[in-house]
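Here the structure is laid out as structure tokens; the discussion comes afterwards.
The values are calculated or read from the model by the stated rules, or taken from the named source; none is laboratory data. As the structure is a computational prediction, the values presented were derived from the model and not from experiment. FYI the Cβ positions are ideal-geometry reconstructions off the backbone, even for glycines, and counts take in every protein chain you see. All accessible areas refer to the heavy atoms of the entire protein, side chains included, with ligands and DNA or RNA removed. Shrake-Rupley method; radii C 1.70, N 1.55, O 1.52, S 1.80 Å.
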Amino acid sequence: MEVVLALAIGILTASGVWLLLRPRTFQVILGLSFLSYAVNLFILISGRLRTDAPPIIARGDTVDASLYADPLPQALVLTAIVIAFATTALLLVMLLISRGLTGTDHVDGEDRDQ
Amino acid sequence: MSGWAAHLAIAPILLPLVVSAATLLFDERRRKLKRWMSFATTGALLAIAIALLRATDPYGVAAAPLVYRLGDWAAPFGIVLVVDRLSALMLLLTSILGFTSLFYALARWDRAGPRFHALFLLLLMGVNGAFLTGDIFNLFVFFEVLLAASYGLVLHGSGTTRAKAGLHYVAINVATSLLFLIGVSLIYSVTGTLNMADLAARVPLVPREDLMLLEGGAAILGTAFLVKAGMWPLCFWLPSTYAAAAPPVAAMFSILSKVGIYVILRLTTLLFGDGAGRAADFADEWMLFGGLATILYGTLGVLSSQTLVRLAGHYVLISTGILLAALGTGRPTVVAAALFYLVSSTLAVSAFYLIIEPIGRGGEDEAVQAIAEPVFEDEYIGALEEEEDEIGIAIPATIAVLGGGFIFCALLLSGLPPLSGFIAKFTIIDGLLKGDGSVPAAVWALITLIILSGLATVVAMTRAGIDLIWTPTERPQLQLSIVEAIPIGILLALCLALMVQAGAVMEYIERAARTLGDAALYTSAVLDAPGANGGAVLP
């Protein structure tokens, strides 16, 4: 499972960085989204990979903490997802504003090739 | 202290949040009400910051930081807010800038687009939160709050230039936030905590094989802050973004790069100070040489700037560079001087951003500054020109007032005697030379660059000043309304007060630097805070 996750994060990051460096605004936004997916997975594994371990301790009894998954990264990831979602929405609005005002979808607001 | 005073520490976050939400309930026709609401809030924030400053600095007592436990959860598990002398100082600086920038915006800029007051207050909330929090992930959340508000404010006034610069600004900062998250999760995976005080206690215990991961995480986290602070080569977005933003917004933004510096200072002293064992001082050289490169780049930028706004943007880079390099030398004698420089240069740059617009009015800068049609029409009614009359009257002899203010700013920014800019640079150089005997070549380079950057600023400001103010043109008579003059006057008067009261301010800042250097004090105050019913522990 470690290999699969590491590959997933690596591929997402690589495509994200490549897209981020492209000249079209939509590609940049997609790149940032890919990067944020990669980062979200990365945060999740900072609490170590566990299967079949619940993050929430049942009420009452004294428990062995080693049987449970670390709940904190899961909470962090939720926050990160929400914030990334909001900023992506904001970037889409910026894309539309920029497209409307400059008439091109180039990130610099002007096409150098033409 | 009475009951409500115990909750004072959270007021700088809650108050702007609540009022900002409340201003959203009214549409743009109730503009006057909104103005009063946000104006009163910035005034109240100023009072709160002063109260906190006094609470953390009682006379003759070795004050521990004020710790406020959110929800009364004990420290490593819950989030804490920590107010020590440095946080209180930064809060005060933020509220001063918030008050003056908003005051200036009331003259006309708050009418340039919808929801200015809500965004402005949210920005204040985010900055205050970043200065107060004692938890790294909570810091991330406050960074996002201030960034989200700043995205809106960069676009305030609309127009092609702002849209272009805004797009770059948002893209860079979203990418930077991802670096922030990677750094945070690396640090968490090594130490198992995100509370700053708990981290400070655990960093010395990190085993050797994990040290690389920890330092890697801290370096990635640091890169995120250096982008905000604008260290070369991460700074190319800064001058054009600040130049495109509306003047009161740019004046407020001059604190944003200082947020990055503050966090770097806080984390390096707390986590990688002398008590950190193997991980101590691992980033100092990067900060020193990065800072030197930033000063050099900023100096060249100041000399090559065609407009005053770009000049101011590059000056922000110079001040970032001086602060980073001075802190990177790792000499304890220089920290207090650097903090004094931070206060003085932030006030001066803010005043400069405010004074640029009336000077350039009617000139070539107009193309950048002018207010374009709103992109989204929704409920926003009425752009600038059709609205009510300007508040206040135009001041006679505007040219004398503006010219005087400009010269004042020039002296402050370039660090010429007798103003506070000179005192700040002098104490930095003094602190650099004071250390233990030998002065390495890099420190000499820093001193040379500090002096050279001042010289370059004088040259650039003189050229721009002669061009804009004293050369006769057929431009219309400059106009300055009283509402615009007062905040500029307040800021410059504060710089003057910094000069006259330099001794008292410096003593306070030295106490702040001493508390900052004492990581054990911070750690024990946070981790051993007894759970009170009110949740706050007062010294």
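Full extension of the segment from B:Leu416 to B:Ala442, taken as 0.36 nm per residue of separation minus the current Cα-Cα distance, would add 7.0 nm. Loop-located trypsin sites (Lys or Arg not before Pro) in segment B:13-49 (DSSP state other than H, G, I, E, B) with a sparse environment of at most 16 neighbouring Cβ atoms within 10 Å are absent. Equivalent ellipsoid of segment B:206-250: semi-axes from √(5λ) of the C-alpha gyration tensor, largest first, are 34, 9, 5 Å.
Taking GluC sites (Glu not before Pro) in DSSP loop states with no more than 10 other Cβ atoms inside 10 Å as exposed sites, chain B has its longest site-free stretch at B:1-376.
At a probe of 1.4 Å, how much accessible area disappears from chains B and A on forming the pair, both sides counted, to the nearest 100 Å²? The partial results should precede the final answer.
Details: alone 20810 and 8270 Å², together 26480 Å².
The contact between A and B buries close to 2600 Å².
Sorting A:Leu21, A:Leu92 on solvent-accessible area from highest to lowest, probe radius 1.4 Å, gives A:Leu21, A:Leu92. Distance between Cα centroids, segment B:293-317 to segment B:77-125: provide it in whole Å. Distance between centres, Cα-based: 26 Å.
As a size descriptor, the averaged projected area of the C-alpha convex hull of segment B:1-276 was calculated at 15.4 nm².
For B:Ala493 and B:Asp430, what does the FRET efficiency come to when R0 = 22 Å and r is the distance between their Cβ atoms, rounded to the nearest 0.05?
On the way: r = 26 Å, r/R0 = 1.19.
For R0 = 22 Å, the calculated efficiency reads 0.25.
Relative contact order of chain B, taken over Cα pairs closer than 8 Å and 6 or more residues apart, is 21 percent.
Lysine pair count for the protein assembly as shown (Cα-Cα distance under 28 Å; residues 8 or more apart in sequence or on different chains): 7. Exposed loop sites here are chymotrypsin sites (Phe, Trp or Tyr not before Pro) assigned a DSSP state other than H, G, I, E or B and surrounded by at most 15 other beta carbons within 10 Å; excluding them, the longest clear run of chain B is B:381-539. With a simple spin-label model that places each label point 7 Å from the Cα along the Cα-to-Cβ direction, the separation between A:Leu78 and B:Ala502 comes to 5.4 nm. Relative contact order for segment B:1-276: 18 percent, from Cα pairs under 8 Å spaced at least 6 residues apart, divided by residue count. Of interest is the spacing of the C-alpha centroids, which for segment B:217-286 and segment A:1-33 amounts to 26 Å. Distance between the pseudo-spin-label points of B:Leu25 and A:Ala8 (7 Å out from Cα toward the beta carbon): 4.5 nm.
Work out the length of the dipole vector of the protein assembly as shown about its Cα centre, built from +1 on the beta-carbon of each Lys and Arg and -1 on the beta-carbon of each Asp and Glu, and round it to the nearest 20 debye.
Working: 36 positive and 49 negative charges, 109 e Å.
Value, rounded to 20: 520 debye.
Taking the full set of protein chains and a 1.4 angstrom probe, give the accessible area of B:His117 in square angstrom, rounded to the nearest 10. Counting only protein heavy atoms, B:His117 exposes about 10 Å² to solvent. Once the Cβ-Cβ distance of B:Asp210 and B:Thr462 is raised to the sixth power relative to R0 = 45 Å, the FRET efficiency obtained is 0.25.
Relative contact order for chain A: 25 percent, from Cα pairs under 8 Å spaced at least 6 residues apart, divided by residue count. Rolling a 1.4 Å probe over the protein heavy atoms leaves A:Val39 with an accessible area of roughly 10 Å².
Could you put B:Lys434, B:Lys258 in order of accessible surface area, largest first, with the 1.4 Å probe and the full protein assembly present?
Numbers: B:Lys434 125, B:Lys258 5 Å².
Largest to smallest exposure gives the sequence B:Lys434, B:Lys258.
How big is the gap, in Å, between the Cα center of segment A:42-60 and the Cα center of segment B:397-467? After rounding, the separation between the Cα centres reads 55 Å. Along its principal axes, chain B has C-alpha extents of 70, 55, 44 angstrom, given from the largest down.
Tally up the carbon and sulfur contribution to the accessible surface of the protein assembly as shown as a whole percent, 1.4 Å probe, everything protein left in place.
On the way: 17690 of 26480 Å².
Summing carbon and sulfur atoms, their accessible area is 67 percent of the total for the protein assembly as shown.
Note on B:Ile451 and B:Arg54: with the Förster distance fixed at 35 Å, the Cβ-Cβ geometry gives a FRET efficiency of about 0.40. Normalised per residue, the accessible area of segment B:1-276 is 29 Å², obtained with a 1.4 Å probe and no contribution from ligands, DNA or RNA.
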